[in-house]
């Protein structure tokens with residue numbers, strides 16, 4: 001039996017191992033640790049970014065909030081493609097066919113490049129219209145239009161960052177994905193204050209500087225990913241003979257990814273509707289909600305590490321014809337995730353005033369943020385199981401089930417409920433905050449019931 005320290009060290013180093021045999025707890029820990037660190041870096045950057053931007057002004061924070069509501073559409077496509085890549089690559093690795101896994105990885109790369117270029121061009125030319133559509137005031141549009149152009153124009157970078165990390169996770173190489181985000185977000189954190197406030201010959205770009213820093217850091221992270229794909233020594237190695245298009249694999253990848261993308265698009269679109277409702281209550285309400293959401297993302301993203309670990313274990317063990325081990329890994333990850341988010345919820349509720357005053361001194365922004373933090377934290381325990389089971393379906397290649405459940409819970413429950421509470425009952429932002437954990441809890445319960453039936457074990461990819 002390996003010591004805990006040795007297990008943690010192996011996880012961080014990215015030591016290659018077989019996740020279809022041996023102790024399941026060890027497999028989960030070794031996969032989850034780099035994924036948790038990866039997600040922690042992503043959430044840390046989100047928090048640091050909003051800290052610096054909040055020093056520019058309320059309009060700058062509002063720009064971030066409204067833009068991110070739209071960017072989540074791109075993130076949704078990226079995460080959907082990532083889920084498809086994880087499922088296909090994990091299945092090939094579980095079948096002990098690393099060459100087929102590498103060939104699949106190249107097809108995923110081509111899909112990401114093609115879609116990223118097209119959406120990036122659209123984003124550059126429609127930046128101002130997008131902000132106007134989201135209900136931004138003329139001053140917010142003037143402040144943030146270049147931020148939007150840069151962020152949407154770099155869609156190919158965003159897509160590849162998510163998609164290729166999905167490839168590495170599916171291959172059981174989460175340490176590469178971890179190092180990618182350590183590089184990308186570490187640079188983001190260093191460059192953020194330089195480009196936002198200026199340093200030496202570099203002028204102060206304000207909120208636009210945040211977009212420059214983010215795009216630069218992520219681009220270098222993608223270069224690191226490509227190096228590992230073509231010249232690395234991990235499970236995925238794309239040699240010359242694998243550099244060719246296979247439309248059959250691309251079609252399969254797109255089939256799995258479309259449901260995965262719609263799964264997250266449905267959730268993201270609901271967030272856009274909710275942000276559009278909140279924008280009716282003024283920039284300070286949007287800013288308070290945005291800061292609180294960033295803090296909650298900081299708390300939640302590390303727990304996505306456990307969910308992603310479950311997806312990899314489910315995919316690889318189904319490939320190895322071990323469905324019972326695949327199911328057990330999902331329940332184990334859900335249990336650990338619930339314990340983690342229970343602690344997070346208690347901390348967010350108890351320290352909400354301290355957290356908000358760290359970011360801003362505007363009374364209304366603080367008030368809205370405290371309320372948002374406390375109400376949304378009430379749903380974290382149910383969300384813990386929901387995210388793991390959802391990722392377990394994705395890892396099995398069954399991206400359709402979570403998509404349908406997301407549609408029911410977000411579009412048929414969350415949006416109407418949020419509108420009713422916020423507008424009809426005039427509870428304003430509080431109404432939105434209540435609608436979110438209510439719909440997330442229903443989503444988790446539905447997914448758990450369906451997962452227990454076990455039909456996902458017969459999915460072939």
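The values are calculated or read from the model by the stated rules, or taken from the named source; none is laboratory data. Note that the structure is predicted; figures quoted are calculated from it, not measured. With ideal geometry, Cβ positions are generated from the backbone for all residues, glycine too; neighbour counts draw on all protein chains shown.
Hey, can you tell me all the residues within the stretch 360-397 that are over 30 Å from residue 82 (Cα atoms) and surrounded by fewer than 24 Cβ atoms within 10 Å (Cβ to Cβ)?
Of everything in the stretch 360-397, those that are over 30 Å from residue 82 (Cα atoms) and surrounded by fewer than 24 Cβ atoms within 10 Å (Cβ to Cβ) turn out to be 360, 361, 362, 363, 364, 366, 367, 370, 371, 374, 375.
For (1) under 30 Å from residue 66 (Cβ atoms); (2) within 25 Å of the chain's Cα centre (by Cα), each residue gets a yes or a no:
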| site | (1), (2) |
| --- | --- |
| 234 | no, yes |
| 247 | no, no |
| 252 | no, yes |
| 255 | no, yes |
| 262 | yes, yes |
| 265 | yes, yes |
| 268 | yes, yes |
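Being closer than 15 Å to residue 65 by Cα and free of Cβ contacts under 8 Å to residues at least 12 places away in the same chain is the filter here; which residues of the stretch 113-141 pass it?
Within the stretch 113-141, 132, 133 meet the criteria.
When only residues in the stretch 142-194 that are farther than 24 Å from residue 227 by Cβ and buried (at least 24 other Cβ atoms within 10 Å of the Cβ) count, which is farthest from the chain's Cα centre (by Cα)?
144
Is it true that residue 245 is over 26 Å from residue 393 (Cβ atoms), touching a helix residue (DSSP H, G or I) at 6+ places or on another chain (Cβ under 7 Å) and surrounded by fewer than 21 Cβ atoms within 10 Å (Cβ to Cβ)?
Judged against the criteria, residue 245 is a match.
Surrounded by fewer than 21 Cβ atoms within 10 Å (Cβ to Cβ), touching a helix residue (DSSP H, G or I) at 6+ places or on another chain (Cβ under 7 Å), in a helix (DSSP H, G or I) and free of Cβ contacts under 8 Å to residues at least 40 places away in the same chain: does that describe residue 446? It would help to see each step written out before you state the result.
Numbers: surrounded by fewer than 21 Cβ atoms within 10 Å (Cβ to Cβ): yes; touching a helix residue (DSSP H, G or I) at 6+ places or on another chain (Cβ under 7 Å): yes; in a helix (DSSP H, G or I): yes; free of Cβ contacts under 8 Å to residues at least 40 places away in the same chain: no.
No: the conditions fail for residue 446.
Quick one: residue 437 ticks every box in (1) at pLDDT 95 or above; (2) closer than 14 Å to residue 274 by Cα bar one, so which box is it?
Answer for residue 437: the failing condition is (1).
Look through 98, 34 and report the one residue that is closer than 24 Å to residue 319 by Cα, over 22 Å from the mean Cα position of the chain (by Cα) and at pLDDT 75 or above. Before the answer, list the steps.
Working: 34 fails: over 22 Å from the mean Cα position of the chain (by Cα).
Going through 98, 34 in turn, the sole match is 98.
Looking at 311, 287, can you tell me which residue is touching a helix residue (DSSP H, G or I) at 6+ places or on another chain (Cβ under 6 Å), in a helix (DSSP H, G or I), modelled with pLDDT of 90 or more and on the phi < 0 side of the Ramachandran plot? So that I can check it myself, show each step before the final result.
Values: 287 fails: modelled with pLDDT of 90 or more.
Result of the check over 311, 287: 311.
In the stretch 384-429, how many are over 30 Å from residue 309 (Cβ atoms), in contact (Cβ under 8 Å) with a residue 12 or more places away in the chain and out of contact with any helix residue (DSSP H, G or I) (no Cβ under 6 Å at 6 or more places or on another chain)? If you could, list the steps in order and put the result at the bottom.
So in the stretch 384-429, the residues over 30 Å from residue 309 (Cβ atoms) come out as 412, 415-429.
Narrowing further to those that are in contact (Cβ under 8 Å) with a residue 12 or more places away in the chain: 415, 417-419, 421-423, 428-429.
Next cut, out of contact with any helix residue (DSSP H, G or I) (no Cβ under 6 Å at 6 or more places or on another chain) only: 419, 423.
Residues that pass the stated criteria total 2.
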